[in-house]
Amino acid sequence: MRERERIPVVVQGRSSRRRATLAHGLWAGAEIAVTLGVVVLLLVVHQLWWTNRQARQGAEHKVQALEREWEDPADDTGDRGDWGEGVPQDTGDVVDETVPGEAAASPVRDQSGARRTPPSWDQAYAVLRIPRLGVVAPVAQGIAKKGVLDKGYIGHYPQTAQPGEAGNFAVAGHRNTHGEPFRYINRLRGGDEINVETRDGVYVYVVDQGVSQTSPRDTAVIARVPRSIVKPDAGYSEPGYYLTLTTCTPEYSSKYRLVVWGKLKSMSPR
């Protein structure tokens, strides 16, 4: 009589259960990692693309509104471009991309002798153009993030000179995200023109010198007579009609500041 064949019986032991648990854990971890990666990617896209798109569109519309207003004073579609009776206290956060100011009080007369007062707070009242870089952006009073810089505007440092005035017309702008109008100001060279337009006229500044990297505490770069206390050889020693552009450096960092200086070349009434 033939002996019956025995069917092997596999008994799952502890090691098999551990392997199954480990595989399940690895799968769950992979799903979490993929989800986090997608979230991070969406955040990056939002910062690097969407904020730029929104800010640039808003800034372009503001420039157009200002130009219409200057051509037709009866057009009140935008903020008023005339200069107000004073500057209220800044209630916004000072941007971390700029050099906090300690400059002297703004002069009250421009090169033509006209007496002027600063614009209202957060008000776009001028247009800055850098032909070499293709930059066209509105200039607003103050350097708050929410009310000015994050809108793609260029911010005017309070208590520094206004366009065409004796002293230092000092401004700040984002280098990355939110329109990034000052992303490539490191490419400016001596002799490049920067135009500032207001309701009153057009002021042409010429790039003269700058500082490729300095400390955020180098506040003298926006002083009435701009200079660097970190790099004493950079800057000026005599009063004049100056323009200062400031932004962060290197890109995607706020560790240092990049500074470009210019001098007033000409001005013409509107």
| message | Give me the strands (runs of 3 or more DSSP E) completely within region 197-270, filtered to those with at least 3 residues that are of a type in the set (A, V, I, L, M), ordered by residue number. | response | 201-214, 256-269
| query | For region 148-200, how many residues are modelled with pLDDT of 95 or more, of a type outside the set (Lys, Arg) and over 16 Å from the mean Cα position of the chain (by Cα)? | reply | 20
| Is there any pair linking a residue in region 191-202 that is surrounded by 17 or more Cβ atoms within 10 Å (Cβ to Cβ) and of a type in the set (D, E, K, R) to one that is modelled with pLDDT of 95 or more and assigned to a loop (DSSP other than H, G, I, E, B), with Cβ under 6 Å and at least six apart or on different chains, and which? | 192/132
| query | Are any residues in region 134-163 out of contact with any Lys or Arg (no Cβ under 8 Å at 6 or more places or on another chain), crowded, with 24+ Cβ neighbours inside 10 Å and assigned to a loop (DSSP other than H, G, I, E, B), and if so, which ones? | reply | 142, 143, 148, 157, 163
| query | Can you tell which of 230, 260 is over 20 Å from residue 153 (Cβ atoms) and out of contact with any Pro (no Cβ under 8 Å at 6 or more places or on another chain)? | reply | 230
| message | Being free of Cβ contacts under 8 Å to residues at least 40 places away in the same chain, buried (at least 17 other Cβ atoms within 10 Å of the Cβ) and at negative phi is the requirement here; does residue 227 meet it? | response | yes
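The values are calculated or read from the model by the stated rules, or taken from the named source; none is laboratory data. It should be emphasised that the depicted structure is a prediction, and the values quoted were computed from it without experimental measurement. Don't worry about glycine lacking a Cβ; one is built from the backbone with ideal geometry, like all the others, and counts go over all protein chains shown.
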